Amino acid sequence: MDTENTRTERDRSSATDRPDPVPAAEPGTAAGTVEEGSRSGRFPGPARVAGLLGGTWRRSALLAVVCLGTVLLVSRFVAQPFHIPSGSMEPTLRTGDRVLVNKLAYGADAEPERGDLIVFDGTGSFVREGAAAHPVREAVRGAFAAVGLAEPDETDFVKRVIGVGGDRVVCCDQEGRITVNGTPLDERYLHPGDAPSDVAFDIVVRPGTLWVMGDHRSDSRDSRDHLGDPGGGMVPVENVIGRADWIVWPAGRWGSPGVTDAFARVPDAPEGSAPDAPGSWSGGGPGAPGAPETPGAPPPGGGAVGGRPHG
């Protein structure tokens, strides 16, 4: 009886210690195929890897397209980086600066104010109408410009608003200062050593337009240079792209370009002071030889002035 029990326990122990039997290969199947199949379950084959990578690239490409589309939409309707191409706004804005242009600053109830730094399309006011650019090339350039990676369009300018519709802007009073509606401006934002203007003028800004000038007056091509043009050097409000609210590059200049108080004491233009037709006069203050009797009316022969560097 004891012998029987001992045999039974040995049989059970031997059965437990034996390894699991390897499944027999099916007829016509080489030995080791079963083991190879189990390995392929743990490690994906080339086709599976290619499928996984392809899915990753597709997802990455889709994400890139969505991100790019979002950036372009924001740049088109909300805010757009703008590259400063010249020194015409120094020292406020320097060559190579990138500013963020707020496209929501102006709307139905808000228009540019005196002292604002604006970016505008100068077509028809600062730049003559030209031939249309190649559409594909222009689309590519526009996409890069929208994210601040390309130079702005040659028709885009950044300047400071000096006069709005109805304002009478005169250069200069006896102390060499520009006056707006009879109030002299303390333009502390000017480039060191610059005079407020080396060109005399006396103009009344038409309704719906702006008189703009650069802070680096001796290196700025602005409204003064277009007094003899059909628009009289004035920029239509509808051509304003937005307000330059923030310097985003270089990192050391990150921040707001600042708000000036130079126009704080300027009164509103009197009612009915703005002429209906474009008019501008350059070459001296009221009473100068050849000056018009009515401020803002063009003198005989126009009122063109000498050109300044583009900016």
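Protein-only accessible surface at a 1.4 angstrom probe places the residues Tyr106, Tyr189 in the order Tyr106, Tyr189, largest first. Taking all protein chains together and a 1.4 Å probe, the residues Asp219, Asp186, Asp167 rank Asp186, Asp219, Asp167 from largest to smallest accessible area. Straightening the chain between Ser218 and Glu238 buys 4.4 nm, computed as 0.36 nm per residue apart minus the Cα-Cα spacing.
Between Ile162 and Gly115, Trp211, Val212, Met213, the built amide H atoms are under 5 Å apart, and every one of these is 5 or more places off in sequence or on another chain.
The largest accessible area among Asp229, Asp268, Asp202 belongs to the first residue in Asp268, Asp229, Asp202, and the rest follow in falling order (1.4 Å probe, all chains).
The values are calculated or read from the model by the stated rules, or taken from the named source; none is laboratory data. Everything numeric in this text was worked out from a predicted model, so none of it was measured. Just the protein is used for accessible areas: all its heavy atoms, side chains included, with ligands, DNA and RNA removed. Shrake-Rupley method; radii C 1.70, N 1.55, O 1.52, S 1.80 Å.
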